[in-house]
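Please treat every number below as a calculation from the coordinates, not as lab data. Just so you know, these numbers come straight off a predicted model, no measurement behind them. Positions of Cβ are backbone-derived with ideal geometry, glycine not excepted, and every protein chain shown enters the neighbour counts.
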Amino acid sequence: MKLILIRHAEAIERGADIIDACRYLTPAGREFFRKTARTMRDHGVIPDLILTSPLLRAVQTADILAESLAYNGELMAVDALEPGCDLAKIKPLLDQYPHVNELVIVGHEPDLGSLVSAFLGLPQGFTFKKGSAVRLNVKPADLRGNAVFKWLASGRKLITSREEACR
């Protein structure tokens, strides 16, 4: 399975006047992620399914991606992708879609970084920049340490070296 993990784009700061689930993307976050989405489009991303955290900033990021890719499929908000998502939550989610060849998941840090670390077997961890995407090839039956890194898209930059992406 081609799995693309995306960290939501830059959102407004946390504050007492707005609850976390309602934080929305900043104009700079939207602009940066549009560049990432175009980079993904230019490199042949054609997802069968886009799953997103139900938090507003993730949904907005997924929506920008869907628009940029002219995606006509279902955009699904999934509670399992809320902050706190881990390997125990992602495994059953992937198992629900065995027919999907290319799956996009939009979520949050530090969760996505921990998932990439587990999938690739990275002892030093992995940190996502806001509005970036990582494409891996995974076998849902055996997720821990067996994924293959394909690329990291961040704005107009595409990194194909695992070593460079993991710095």
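Numbers below:
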| item | result |
| --- | --- |
| Entry for semi-axes √(5λ) of the Cα gyration tensor in Å (calculated from the structure that is shown) out of (i) 22, 18, 17; (ii) 51, 17, 13; (iii) 27, 16, 16 | (i) |
| Exposure proxy order (Cβ contacts within 10 Å, fewest to most) of 14, 30 | 14, 30 |
| C-alpha center-to-center spacing [the range 85-101, the range 142-167] in angstrom | 20 Å |
| Extension gain, residue 21 back to residue 129 (0.36 nm per residue minus Cα-Cα distance, nm) | 36.9 nm |
| Computed lengthening from residue 31 to residue 77, 0.36 nm per intervening residue step minus Cα-Cα distance | 14.3 nm |
| Share antiparallel - DSSP beta bridges, the chain, percent rounded to 5 | 55 percent |
| Listed residues 118, 16, 58, most fluctuating in the chain (Gaussian network, C-alpha, under 10 Å) | 16 |
| Cβ-Cβ FRET estimate between residue 161 and residue 101, R0 fixed at 30 Å, reported to 0.05 | 0.75 |
| Set of lysines with alpha-carbon distance to residue 157 below 22 Å, sequence-local pairs under 8 removed | 2, 35, 129, 130 |
| 61, 160 arranged by Cβ crowding within 10 Å, fewest neighbours leading | 160, 61 |
| Sum of -39500 (n - 2.57) over DSSP H runs of 4+, divided by residues of the chain (222 nm, nearest 500) | -9500 deg cm²/dmol |
| Among 43, 99, 108, residue whose mean-square fluctuation peaks in a GNM of the chain (springs only between Cα atoms under 10 Å) | 99 |
| Highest-fluctuation residue, 67, 82, 109 considered, GNM on the chain with Cα pairs under 10 Å | 67 |
